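Worksheet: one structure, shown below.
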Amino acid sequence: MASRGYVAMTTDNGDDHEEVTRDPLLKMFTFSLTLVRHGETRYNREKLLQGQGVDMLLSETGVQQGEAVGRYLSDLTFNNVFASNLQRAIQTAEIILRNNTHCSGKEMILEPLLRERGFGIAEGRPKEDLKNMANAAGQSCRDYTPPGGETLDQVKLRFKRFLKVLFKQMLDQHGGSRPDASAEASEAGDAANGTAAAASGVARGGSADDGLQGVPVHVLVVSHGAYIHVAIKHLVEDLKCSLPAGVKMSQLFSPCPNTGVSRFILTLSQSESGPVLTAARCCFTNRKDHLENLPTAKKC
């Protein structure tokens with residue numbers, strides 16, 4: 001598929017197994033990471049696996065879902081926009097930007113590291129076939145890797161590589177324009193208020209700007225269901241994100257619906273060896289209240 005004039009992201013080729021670590025340093029930079037799953041495709045509707053080898057555009061319902069999430073996020077100013085370089089993610093990101101008050105026409109970066117999990121020989125086949133393969137192998141469907149597919153650890157490694165490149169880009173582009181100490185202290189208070197505002201959003205929905213109070217830079221990432229599930233588990237379980245009060249893990253890690261929205265607030269510091277993650281918190285995951293007025297949209 002042609003790149004449509006978008007920028008292809010240059011990824012890091014260093015030690016892929018390096019963990020993002022925390023190290024308390026004085027100079028900090030905070031940004032929001034909003035994750036959106038692409039809209040529905042015909043394969044989603046027919047419960048067929050797409051993975052990486054099936055590259056489809058959105059269905060009519062998927063376009064409606066994209067328009068709905070675009071309207072939901074329309075007043076947010078995204079400083080950086082990344083999308084998987086598969087068509088369903090690109091099209092969704094295009095619709096979101098077209099609906100955005102501040103970002104219409106903004107350049108997005110197409111990132112192969114954000115592609116869906118590869119399902120090998122199961123791609124293009126019914127999801128039921130994957131369950132049968134997993135049962136025959138004596139494994140759960142989520143943990144099973146079909147021949148030629150990616151393991152969950154391989155998908156997590158891709159997300160870790162994306163974070164490494166993203167953190168460097170955030171500090172390179174935005175880290176030098178930090179407010180003074182007093183403004184930063186005010187931001188910290190606003191961000192704490194944002195956590196309280198976002199707490200109820202995990203289960204019941206809420207405002208599109210939940211968690212963004214006092215956060216100066218915002219990143220939008222449009223990706224895929226299985227990939228986003230792995231990303232959320234890495235942020236919560238490995239990077240120890242703080243969680244909204246009262247959130248249930250079953251809801252936090254529930255399957256992401258088409259155009260479901262998740263948000264994390266990440267704080268970085270600059271060290272001699274590069275960016276270091278010093279704090280992380282989850283605002284909400286898998287939010288779908290923008291779909292409530294779409295009678296044809298799938299809500300599960």
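General observations
- All positions within region 244-258 that are of a type outside the set (Phe, Trp, Tyr), modelled with pLDDT of 90 or more and surrounded by fewer than 19 Cβ atoms within 10 Å (Cβ to Cβ): SER254, PRO255
- Note on region 267-300: residues that are in a strand (DSSP E or B) and either at pLDDT below 90 or closer than 27 Å to MET249 by Cα (or both) total 17.
- Sub-7 Å Cβ pairs linking a first residue in region 250-272 that is under 22 Å from GLU60 (Cα atoms) to a second residue that is of a type in the set (A, V, I, L, M, F, W, C) and assigned to a loop (DSSP other than H, G, I, E, B), at least 6 apart or interchain, are PRO257/CYS300, ordered by first then second residue.
Residues are listed down the side, and each one gets a yes or a no for (1) surrounded by fewer than 17 Cβ atoms within 10 Å (Cβ to Cβ); (2) modelled with pLDDT under 95; (3) under 20 Å from TYR227 (Cα atoms):
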position: ALA8; (1), (2), (3): yes, yes, yes
position: GLY14; (1), (2), (3): yes, yes, no
position: GLU19; (1), (2), (3): yes, yes, yes
position: GLY39; (1), (2), (3): no, no, yes
position: TYR43; (1), (2), (3): no, no, yes
position: GLU60; (1), (2), (3): yes, no, no
position: ALA68; (1), (2), (3): no, no, no
position: LEU86; (1), (2), (3): no, no, yes
position: ALA89; (1), (2), (3): no, no, yes
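- Positions within region 131-146 being assigned to a loop (DSSP other than H, G, I, E, B) and under 17 Å from ALA226 (Cα atoms), in sequence order: SER140, CYS141, ARG142, ASP143, TYR144, THR145, PRO146
- Residue list for region 94-126, restricted to those being part of a helix (DSSP H, G or I) and over 25 Å from LEU152 (Cβ atoms): GLU94, ILE95, ILE96, LEU97, ARG98, ASN99
- Qualifying residue in region 75-82 (condition: buried (at least 19 other Cβ atoms within 10 Å of the Cβ), hydroxyl-bearing (Ser, Thr, Tyr) and either in contact with a helix residue (DSSP H, G or I) (Cβ under 9 Å, 6 or more places away or on another chain) or outside any strand (DSSP E or B) (or both)): no
- Given (1) surrounded by fewer than 19 Cβ atoms within 10 Å (Cβ to Cβ); (2) at pLDDT 95 or above; (3) in contact with a strand residue (DSSP E or B) (Cβ under 8 Å, 6 or more places away or on another chain); (4) of a type in the set (D, E, K, R), index of the condition LYS168 fails: (2)
- If you go through region 93-107 and keep only what is free of Cβ contacts under 8 Å to residues at least 12 places away in the same chain and surrounded by 21 or more Cβ atoms within 10 Å (Cβ to Cβ), you end up with nothing.
- In region 58-111, the residue that is farthest from the chain's Cα centre (by Cα) out of those that are of a type in the set (Asp, Glu) and farther than 22 Å from LEU166 by Cα is GLU60.
- Single residue of region 228-245 satisfying the filter (more than 16 Å from the chain's Cα centre (by Cα) and of a type in the set (A, V, I, L, M, F, W, C)) that is nearest to LEU163 (Cα to Cα): LEU243
- Odd one out for CYS256, checked against (1) closer than 23 Å to GLY118 by Cα; (2) in contact with a helix residue (DSSP H, G or I) (Cβ under 7 Å, 6 or more places away or on another chain); (3) not in a loop (DSSP other than H, G, I, E, B): (3)
- Selected residue (only one of ARG115, ARG161, ARG125 is modelled with pLDDT of 95 or more and touching an Asp or Glu at 6+ places or on another chain (Cβ under 7 Å)): ARG161
The values are calculated or read from the model by the stated rules, or taken from the named source; none is laboratory data. All figures in this text were calculated on a predicted structure; none of them were measured in a lab. Heads up, the Cβs are rebuilt from the backbone with ideal geometry, glycines too, and the neighbour counts pull from every protein chain shown.
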